[in-house]
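Chemist: Following this message is one structure expressed as structure tokens.
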Amino acid sequence: MSESLEFPCRLHIAGGWVNAASGRTLSILNPADHGEVASVPCGGADEASAAVAAATQALPGWRATPAPARGDCLRRLHDLLIAHREPLASLLTLEQGKPLPQARAEVDYAASFYLWYAEEARRICGFTIPHREAGKTAMVEYQPVGVIAAITPWNFPLAMGAKKIAAALAAGCTAVWKPSEETPLMALATAWLAARAGLPAGVLNVVFGDAAAIGERWMEEAAVLALSFTGSTRTGLLLLRQAAATLKRVQLELGGNAPFIVLEDADLDLASEDFMKLKFLVSGQVCVTANRLLVQRRIEEEFTHRLTERLRALRIGPGLEEGVEVGPLINEAGVKKVESLVEDACRSGARLLYSADLPPALDRSCFYPPTLLAGVNQNQRIAREEIFGPVVAMQAFASEEEALTRANDTEYGLAAYVYSRDVERATELARRIEAGIVGVNDPRPLRAEVPFGGIKMSGFGREGGREGLMEFLECRVIGVRRAPRAK
Ligand code: ADP
């Protein structure tokens with residue numbers, strides 16, 4: 001049975017639902033037709049500070065709550081997310097645009113982080129170190145960092161928050177969370193359900209509106225001890241510079257440029273099916289998506305044939321429509337950016353092998369047709385920047401060494417994929433790729449229990465797994481002398 005969602009469309013601070021002091025509002029638009037889904041307050045620096053004050057006040061109580069009780073609260077939040085899967089998924093599709101089955105999958109994926117960290121909270125264990133002097137012991141303990149700030153993007157509005165918030169709350173931290181202004185409703189829904197799960201007021205606060213003013217204020221506040229950010233490399237670098245002044249702990253998950261390598265001995269049915277699953281998830285607007293498709297020359301023709309067949313079968317439309325697999329892009333600027341990358345590639349030698357016909361009823365400023373380009377080269381913008389759209393940018397390579405050189409020829413290092421029937425060979429190649437996560441015959445290696453994050457300009461720090469929890473824990477040592485010196 002699905003339950004309804006009745007959260008107020010306002011900022012969530014200290015357990016209350018508030019408007020912005022400025023009285024300004026923002027319209028949340030449906031990416032499929034640009035119609036208004038909701039009107040929400042547009043917060044700024046004042047609301048950012050109020051949220052930090054609330055989180056600071058709630059910190060002593062939450063950090064003193066026994067870890068198993070914190071875990072129980074996260075488990076109840078998991079259960080409530082699952083119980084509200086249908087209304088959450090519909091709203092997620094309305095504000096983000098992704099097809100409904102993908103929205104349902106995101107609810108489950110987000111919930112899995114609350115469950116996993118509910119369990120992990122119980123296992124925040126310290127240890128003792130035998131001292132070299134008799135009678136002395138060093139006790140190592142893990143304590144919550146304090147108030148943390150989370151800033152998240154619009155492609156997975158529920159799950160990106162879950163990765164950060166679940167780990168932070170499990171650790172005993174309190175949080176201020178700024179979701180993207182494109183998609184703030186999932187954060188509000190999370191806060192509303194969290195209150196129903198028994199989370200005390202002020203432990204989780206949600207503010208959005210003037211992103212630059214909120215971010216700057218949080219980075220200035222000495223009470224904010226850590227930042228967990230997912231978004232563009234440009235914004236990540238700015239926040240890193242701002243965070244330096246008060247020496248915050250920073251974890252950054254930034255852009256990617258993942259290669260998807262198909263070796264000549266790959267199972268081409270599996271590789272093409274998995275490639276489509278990965279590439280067309282959220283219409284290609286995913287940081288770990290296959291940005292570059294590298295196919296060994298001997299199988300290029302065969303692989304292209306299989307891909308084109310699959311592309312032709314894709315159903316494009318508004319995400320709430322039955323059977324739709326490819327939804328709109330997040331906004332008009334997103335569509336324009338993809339258009340410009342494809343035009344640039346075609347002007348500089350790429351071949352347009354396929355471009356879907358958009359159904360006439362669709363608004364062309366919202367949708368980009370699934371497209372296949374061949375003959376892409378490494379110097380084109382489409383091979384260097386994140387496409388963030390339903391465009392396959394394929395290049396052929398002759399040898400495994402050439403594939404490796406090209407895979408690593410990018411400033412990013414987030415994800416990569418290798419397909420081959422020879423798992424040992426593929427795994428060896430995977431080890432030489434500069435990326436935080438590599439899928440070998442696996443398009444979706446990310447899970448709540450798996451540490452995920454990038455290297456190079458894709459950032460540092462990890463989300464998920466034990467490592468994701470450690471981002472929000474400080475190690476403290478208490479050295480004890482048990483036997484006082486005889487007088
Ligand atoms: P994208 O291009 O994917 O939208 P952004 O880095 O612009 O990536 O956005 C990711 C998150 O960062 C969003 O929540 C956005 O509002 C926020 N953001 C953007 N600019 C700033 C800024 N100057 N300070 C703080 N947060 C920002």
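Chemist: Starting from 0.36 nm per residue, how many nanometres of slack lie between Leu247 and Glu302 once their C-alpha separation is accounted for?
Modeler: Extra length available between Leu247 and Glu302 comes to 14.5 nm.
Chemist: Counting each DSSP H run of 4 or more residues in the chain as -39500 (n - 2.57), what helix-only mean residue ellipticity at 222 nm follows after dividing by all residues, to the nearest 500 deg cm²/dmol?
Modeler: Theoretical 222 nm ellipticity from helices: -12000 deg cm²/dmol.
Chemist: Determine the share of the chain's accessible area contributed by carbon and sulfur atoms, expressed in whole percent, with a 1.4 angstrom probe.
Modeler: Heavy-atom surface of the chain belonging to carbon and sulfur, 1.4 Å probe: 52 percent.
Chemist: Follow-up. Using a 7 Å offset from the Cα along the Cα-to-Cβ direction at both Glu332 and Thr427, what is the distance between the two label points in nm, to one decimal?
Modeler: My value for the distance between the label points is 5.2 nm.
Chemist: How many Å² of accessible area per residue for region 153-225, probe 1.4 Å?
Modeler: I get 20 Å² per residue for this part.
Chemist: Continuing with the same structure: Report the Cα centroid-to-centroid distance between region 175-224 and region 365-381 in angstrom, as an integer.
Modeler: 36
Chemist: In nanometres, what is the gap between the two model label sites at Arg234 and Glu467, each 7 Å from Cα along Cα-to-Cβ?
Modeler: Here the answer is 2.8 nm between the modelled labels.
Chemist: Pop a pseudo-label 7 angstrom from the Cα along the beta-carbon direction at both Ile478 and Phe127 and give the gap in nm to one decimal.
Modeler: 1.9
Chemist: Would you work out if region 1-100 is rounded, prolate or oblate? Take a ≥ b ≥ c from the square roots of the eigenvalues of the alpha-carbon gyration tensor; rounded if a/c is under 1.5, else prolate when a/b is larger than b/c, oblate otherwise.
Modeler: Oblate shape, in that a/c is at least 1.5 and b/c is the bigger or equal ratio.
Chemist: Would you list which lysines come within 18 Å of Lys337, measuring only between C-alpha atoms, while excluding same-chain residues fewer than 8 positions from it?
Modeler: Those lysines meeting the cut-off are Lys279.
Chemist: Could you tell me how far the Cα centroid of region 248-318 sits from the Cα centroid of region 1-49, in Å?
Modeler: 35
Chemist: Averaged per residue, what accessible area in Å² does region 386-487 show with a 1.4 Å probe, protein chains only?
Modeler: Here the residues of region 386-487 average 47 Å² of exposed surface.
Chemist: Also, quick follow-up: How much length, in nm to one decimal, is gained on full extension between Thr25 and Arg381, taken as 0.36 nm per residue of separation minus their Cα-Cα distance?
Modeler: Numbers: separation 356, 0.36 × 356 = 128.16 nm, distance 3.63 nm.
Residue separation times 0.36 nm, minus the Cα-Cα distance, leaves 124.5 nm.
Chemist: Then there is this: Report for the chain the percent antiparallel among DSSP-assigned beta bridges with both residues inside it, nearest 5.
Modeler: For the chain, the DSSP antiparallel bridge percentage is about 45.
Chemist: A further question on this structure: Cβ neighbours within 10 Å, averaged per peptide: list 283-289, 382-388, 437-443, 302-308 in order, most packed at the top.
Modeler: Ranked by mean Cβ neighbours within 10 Å, highest first: 283-289, 382-388, 437-443, 302-308.
The values are calculated or read from the model by the stated rules, or taken from the named source; none is laboratory data. Note that this is a predicted model, so its numbers are computed, not measured. Using ideal geometry, Cβ is built from the backbone for each residue, glycine included, and neighbour counts are taken over all protein chains shown. Just so you know, the surface numbers come from the protein's heavy atoms only, side chains and all, with ligands and any DNA or RNA stripped out. Shrake-Rupley method; radii C 1.70, N 1.55, O 1.52, S 1.80 Å.
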